[in-house]
Amino acid sequence: MDYLIAATPRVGSNLLCSLLMGTQRLGECREALCPSEFGEFAERIQRDRRAFQAYYAARRARESKGGPFGVKAHFHQLVHAVELGFDLGANFPSRVVYLRRADVVGQAISHVRAAQTGAWISRKEERAEPRFDPEAIHRAIGENADHEHGWESFFRQNDVLPYRLGYESLCADFEGELTRLLPFLGVDPGTVDVARVVASSTSALKKQRDGLSDEWRARYTEWIAGRSMATAA
C-alpha cells in the first residue's frame with residue numbers, strides 16, 4: 001500500500017511526514033517527484049521518458065523496504081512528473097492525505113520568507129536576509145490558490161476521496177490528529193507509541209513564524225487596503 005501527502009508550500013508537510021516516518025510503520029515519505037531528488041537519474045530522465053519509471057521503481061524499493069511507500073508532492077510537481085514520464089495510472093497511491101492551511105496570508109508570508117532565505121525548514125540557517133515584498137506575498141496567495149484548485153480538480157476527475165487534514169488542527173493536537181489519521185493509512189494506532197513519536201518529531205522541527213512574520217502581516221494588510229482604495233478611486 002502506497003500513500004501520498006498532497007500539499008501546497010508551507011502547510012506543515014515536512015512536519016507531517018516526520019510524524020508518519022516516526023511511527024516506523026509507514027516507510028519513508030519524501031518529495032520523490034521533485035527534480036532535486038532525481039539524483040543519478042536526473043540526466044536520463046531528461047533524455048528518456050522511460051527513465052522516470054526506472055527511477056521511481058528504484059526509489060520505491062529502497063524506501064519502502066517491502067512495506068508502504070510515501071510520497072509528498074505539491075500539485076505542480078505531480079504535473080511536471082507526468083510530463084517527464086511518471087505513469088500516473090500505474091503508480092498513483094491508493095490513499096491520499098490532503099493537507100491545507102486556512103491562514104492563506106500566513107502561508108504566503110512563510111513561503112516568501114523561505115524562498116528569500118533558503119530556510120525551508122527550521123533546522124536550516126538563513127542564507128540571506130528576508131525583506132518585505134507585498135507583491136511577492138500577493139502572488140504567493142494567488143499561486144497557492146491555483147495549486148489548491150488543481151488538487152481539487154484532480155481529485156474530482158480521478159474519483160479520489162482524500163483524507164482532509166488542516167495545518168491548524170494538526171498543530172493544535174498532534175497526538176489526536178496522528179491517532180485519527182493512522183487507521184486511514186492502514187496502521188492500528190494502538191501499535192504505535194504516538195506520544196513518543198510526537199515528542200521526537202516536534203522537538204526536531206518547530207514553527208518558523210515569529211515577530212517578523214506578524215509585522216509583515218500587518219504591513220501587507222495595510223498594503224492591500226491602500227491598493228483597494230487606489231483601485232476604487
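For segment 33-59: of the residues being surrounded by 18 or more Cβ atoms within 10 Å (Cβ to Cβ) and touching a residue at least 40 places away in the same chain (Cβ under 8 Å), which is farthest from ARG100 (Cα to Cα)?
Going residue by residue through segment 33-59, those that are surrounded by 18 or more Cβ atoms within 10 Å (Cβ to Cβ) are 33, 38, 45, 51-52, 55-56, 59.
In the following step, the residues that additionally are touching a residue at least 40 places away in the same chain (Cβ under 8 Å) were identified as 33, 45.
On the way: LEU33: 19, ILE45: 30 Å.
Within segment 33-59, the match that is farthest from ARG100 (Cα to Cα) is ILE45.
Here is a check on your reading of the model: is PRO134 out of contact with any helix residue (DSSP H, G or I) (no Cβ under 9 Å at 6 or more places or on another chain) and either open to solvent by less than 30 Å² (accessible area, probe 1.4 Å) or not acidic (Asp, Glu) (or both)? For PRO134, the condition - out of contact with any helix residue (DSSP H, G or I) (no Cβ under 9 Å at 6 or more places or on another chain) and either open to solvent by less than 30 Å² (accessible area, probe 1.4 Å) or not acidic (Asp, Glu) (or both) - is not met. Quick check: anything in segment 93-104 small (Gly, Ala, Ser), closer than 30 Å to ARG50 by Cα and surrounded by fewer than 16 Cβ atoms within 10 Å (Cβ to Cβ)? Taking every residue of segment 93-104 in turn, at least one turns out to be small (Gly, Ala, Ser), closer than 30 Å to ARG50 by Cα and surrounded by fewer than 16 Cβ atoms within 10 Å (Cβ to Cβ).
Quick grid of which residues meet (1) among the aliphatic types (A, V, I, L, M); (2) modelled with pLDDT of 95 or more; (3) surrounded by fewer than 13 Cβ atoms within 10 Å (Cβ to Cβ):
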| site | (1), (2), (3) |
| --- | --- |
| LEU170 | yes, yes, no |
| THR179 | no, yes, no |
| LEU182 | yes, yes, no |
| VAL192 | yes, yes, no |
| SER201 | no, no, no |
| LYS206 | no, no, yes |
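The values are calculated or read from the model by the stated rules, or taken from the named source; none is laboratory data. Since the structure is predicted, the reported quantities are computational estimates derived from the model, not experimental observations. Quick reminder, even Gly has a Cβ in these numbers, built from the backbone with ideal geometry, and neighbours come from all protein chains shown. The accessibility values were calculated without ligands, DNA or RNA, using every heavy atom of the protein model including side chains. Shrake-Rupley method; radii C 1.70, N 1.55, O 1.52, S 1.80 Å.
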